[in-house]
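The values are calculated or read from the model by the stated rules, or taken from the named source; none is laboratory data. Fair warning: this is a prediction, and the values are worked out from it, not measured in the lab. Cβ coordinates were reconstructed from backbone atoms using ideal geometry, including for glycine residues, and neighbour counts include every protein chain displayed. Protein only, heavy atoms only, side chains kept; ligands, DNA and RNA dropped before computing areas. Shrake-Rupley method; radii C 1.70, N 1.55, O 1.52, S 1.80 Å.
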Amino acid sequence: GQLDLHAKSIADYSEFLKLTPSDFGAWSNRGWQHHLIGSEEQALNDLTEALRLNPKFLGAYTSRAQVYAAKQQHDQAQADFALALEIDPKNFWTFAHRGNYWRDRSEFDKAHADYAEALKVDEKSAFALDNRGVLFLQQKEYEKAITDFTTVIAVAPNFAAAYYNRGLAKSYLG
């Protein structure tokens, strides 16, 4: 299944890195694959190596922030999100993922602020709208959630989670 695919991906990145150890993108990608299988220390090692090779690699900061969050190392997660935004103060993905970080910590005002920044960059992003809809669900603001999920479906009709989430919001309305 998925775990096997991630392990095979890690093996291929490892072979590539033996031949091309200075490729910061490969270090970052392998690190993310480690994160996806729960090997957080390996993920941190690889993402940190990617950043050693390219200290301005925004994607590695955002990915490493998510790994730190998974490890409940919140100071480090917040620091990496901040570093990513220093590199690109309008980066959609950093705001969207940091919004998820705040949502997962029930810091709803901060999550709303980050989703708003992400949506300033891409107002029709299915990713940001769906995640903001989930935030509205958590806050029991079901009409707003339904609006976001309906917009996701309009712009990305194959985004399955939006149908599920919209159905969930409608069921909570009564």
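The C-beta contact set for the range 1-27 (first residue among the β-branched types (Val, Ile, Thr), second residue part of a helix (DSSP H, G or I) and surrounded by 15 or more Cβ atoms within 10 Å (Cβ to Cβ), distance under 6 angstrom, 6+ apart or interchain) comprises Ile10/Arg30; Ile10/Gln33. Within the range 69-93, restricting attention to residues that are within 13 Å of the chain's Cα centre (by Cα) and open to solvent by 30 Å² or more (accessible area, probe 1.4 Å), the residue that is farthest from Lys110 (Cα to Cα) is Ala70. Within the range 30-47, does at least one residue satisfy the condition of being out of contact with any strand residue (DSSP E or B) (no Cβ under 8 Å at 6 or more places or on another chain), among the hydroxyl-bearing types (Ser, Thr, Tyr) and over 27 Å from Ala118 (Cα atoms)? Scanning the range 30-47, I find at least one residue that is out of contact with any strand residue (DSSP E or B) (no Cβ under 8 Å at 6 or more places or on another chain), among the hydroxyl-bearing types (Ser, Thr, Tyr) and over 27 Å from Ala118 (Cα atoms), so the answer is yes. If the condition is being closer than 12 Å to Ala116 by Cα, of a type in the set (A, V, I, L, M, F, W, C) and in contact with a Phe, Trp or Tyr (Cβ under 7 Å, 6 or more places away or on another chain), then the range 83-100 contributes only Ala96.
Being open to solvent by 40 Å² or more (accessible area, probe 1.4 Å) and farther than 24 Å from Leu173 by Cα holds for only one residue in Glu143, Glu117, and it is Glu117. Taking the range 137-165 as the range and being touching a residue at least 24 places away in the same chain (Cβ under 8 Å) and assigned to a helix (DSSP H, G or I) as the test, the residues that pass are Leu137, Gln138, Tyr142, Glu143, Ala145, Ile146, Thr151, Val152, Val155, Ala161, Ala162, Asn165.
Pro89 passes every criterion in (1) in contact with a helix residue (DSSP H, G or I) (Cβ under 6 Å, 6 or more places away or on another chain); (2) more than 26 Å from Gly38 (Cα to Cα) apart from (1).
Checking the stated criteria, Asp130 turns out to be in a helix (DSSP H, G or I) and open to solvent by less than 30 Å² (accessible area, probe 1.4 Å).
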